[in-house]
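Data first, discussion second: the structure below is written as structure tokens.
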Amino acid sequence: MPQRAPTLAADGRPFQSPDVMAPHWQAILCDLDGCLISGEVALPGVQAFCRSIGERLWIVSNNSTDSPASLGARLRDLGLPIADERLILAGAEAVRALSQRAPAAPVALFASPTLIAYAERLGLEVSEQEPDTVLLCRDVGFDYAALRRILGLLEAGAELVVANPDVSHPSLAGTPVPETGALLAAIRSIRPRQRFHVIGKPEPHLFAIAMARAGTTADRALMIGDNEATDGAGADALGMAFLRVVPNLGLGHLLGDATC
């Protein structure tokens with residue numbers, strides 16, 4: 001298997017790296033923010049990249065705001081026709097995991113309205129009345145009152161599940177966009193010994209879902225991402241090749257001479 005190496009050095013010169021067009025790769029796993037899109041903008045070359053990779057492409061993202069359906073619609077509006085079942089998202093998969101583990105148990109869900117609706121469609125009882133679990137996702141409405149409620153629920157013995165540990169992702173302008181991990185940091189500043197379970201990268205759960213749906217194994221899959229701590233560490237732990245790209249550069253340069 002090719003040795004993993006970053007695609008570009010700091011000065012923009014290419015390193016030797018895995019060839020995404022090589023038939024060896026049965027599945028190309030790709031991060032979302034900073035790789036394919038930034039906010040509501042498709043990055044340079046990503047439409048051509050998606051066309052060239054075709055059905056080998058699987059999005060493995062720590063996104064904890066969208067459901068697969070809501071993200072799929074947004075991507076199609078950006079010219080990226082990726083099927084919903086190929087979108088493996090930390091928030092949605094955290095909801096799904098809880099719905100399969102204990103569908104009747106109440107869950108306090110701190111998340112976007114989209115994810116709350118998704119949880120209810122899967123049959124979860126979303127309630128802050130004596131919940132067994134607190135699920136923390138990227139909640140842009142998170143405030144002092146929400147922090148106090150979470151602390152009270154944890155003090156009462158609720159388990160804490162966190163969609164992803166990322167504290168931020170880079171915006172197109174370069175300024176950081178706060179992520180779920182920043183909200184977790186607020187909780188841990190008060191409860192530093194609080195135990196929690198992470199669903200998203202670098203944990204293996206999302207990678208395993210993508211490989212199972214693709215019908216492949218780690219040695220035939222390639223992960224593309226811009227974050228060594230989540231994309232790279234997760235791939236490394238599974239023995240999967242990893243190709244690091246510069247955030248928000250786009251992916252057109254990965255195609256080489258491929259016809260798009």
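The values are calculated or read from the model by the stated rules, or taken from the named source; none is laboratory data. Note that the structure is predicted; figures quoted are calculated from it, not measured. Ideal geometry is used to build each Cβ from the backbone, glycine not excepted, and the neighbour counts take in all protein chains shown. Note: areas computed on protein heavy atoms with side chains; ligands, DNA, RNA excluded. Shrake-Rupley method; radii C 1.70, N 1.55, O 1.52, S 1.80 Å.
One residue stands out in region 105-121 among those that are in a loop (DSSP other than H, G, I, E, B) and modelled with pLDDT of 95 or more: the one that is nearest to A163 (Cα to Cα), namely A111.
Listed here are the residues, each with its yes/no results for (1) among the polar types (S, T, N, Q); (2) part of a strand (DSSP E or B); (3) over 24 Å from E40 (Cα atoms); (4) open to solvent by less than 20 Å² (accessible area, probe 1.4 Å).
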residue: R193; (1), (2), (3), (4): no, no, yes, no
residue: K201; (1), (2), (3), (4): no, no, no, yes
residue: L206; (1), (2), (3), (4): no, no, no, yes
residue: A212; (1), (2), (3), (4): no, no, yes, no
residue: D219; (1), (2), (3), (4): no, no, yes, no
residue: D231; (1), (2), (3), (4): no, no, no, yes
residue: A237; (1), (2), (3), (4): no, no, yes, no
residue: P247; (1), (2), (3), (4): no, no, no, no
residue: G250; (1), (2), (3), (4): no, no, no, yes
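In the condition set (1) open to solvent by less than 70 Å² (accessible area, probe 1.4 Å); (2) without any contact (Cβ under 8 Å) to a residue 40 or more places away in the chain; (3) closer than 16 Å to L98 by Cβ, G181 is compliant with all but (3).
Quick grid of which residues meet (1) among the β-branched types (V, I, T); (2) touching a His at 6+ places or on another chain (Cβ under 9 Å):
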residue: A97; (1), (2): no, yes
residue: A104; (1), (2): no, no
residue: V107; (1), (2): yes, no
residue: R121; (1), (2): no, no
residue: Q129; (1), (2): no, no
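Taking region 153-195 as the range and being within 19 Å of the chain's Cα centre (by Cα) and aliphatic (A, V, I, L, M) as the test, the residues that pass are L160, V161, V162, A163, V167, L172, V177, A182, L183, L184, A185. Taking the criterion of being modelled with pLDDT of 95 or more, part of a strand (DSSP E or B) and touching a Ser or Thr at 6+ places or on another chain (Cβ under 8 Å), would at least one residue in region 182-190 satisfy it? Within region 182-190, none of the residues are modelled with pLDDT of 95 or more, part of a strand (DSSP E or B) and touching a Ser or Thr at 6+ places or on another chain (Cβ under 8 Å). Among the residues of region 134-142, not a single one is closer than 23 Å to P103 by Cα, over 23 Å from the mean Cα position of the chain (by Cα) and in a loop (DSSP other than H, G, I, E, B).
Within region 54-104, the residues that satisfy the criterion of being surrounded by 15 or more Cβ atoms within 10 Å (Cβ to Cβ) and assigned to a loop (DSSP other than H, G, I, E, B) are N62, N63, S64, T65, D66, S67, L78, L80, I82.
Close Cβ contacts (under 7 Å, 6 or more residues apart or on different chains) running from residues in region 207-236 that are in contact (Cβ under 8 Å) with a residue 40 or more places away in the chain to residues that are open to solvent by less than 30 Å² (accessible area, probe 1.4 Å) and polar (S, T, N, Q) comprise T230/N62.
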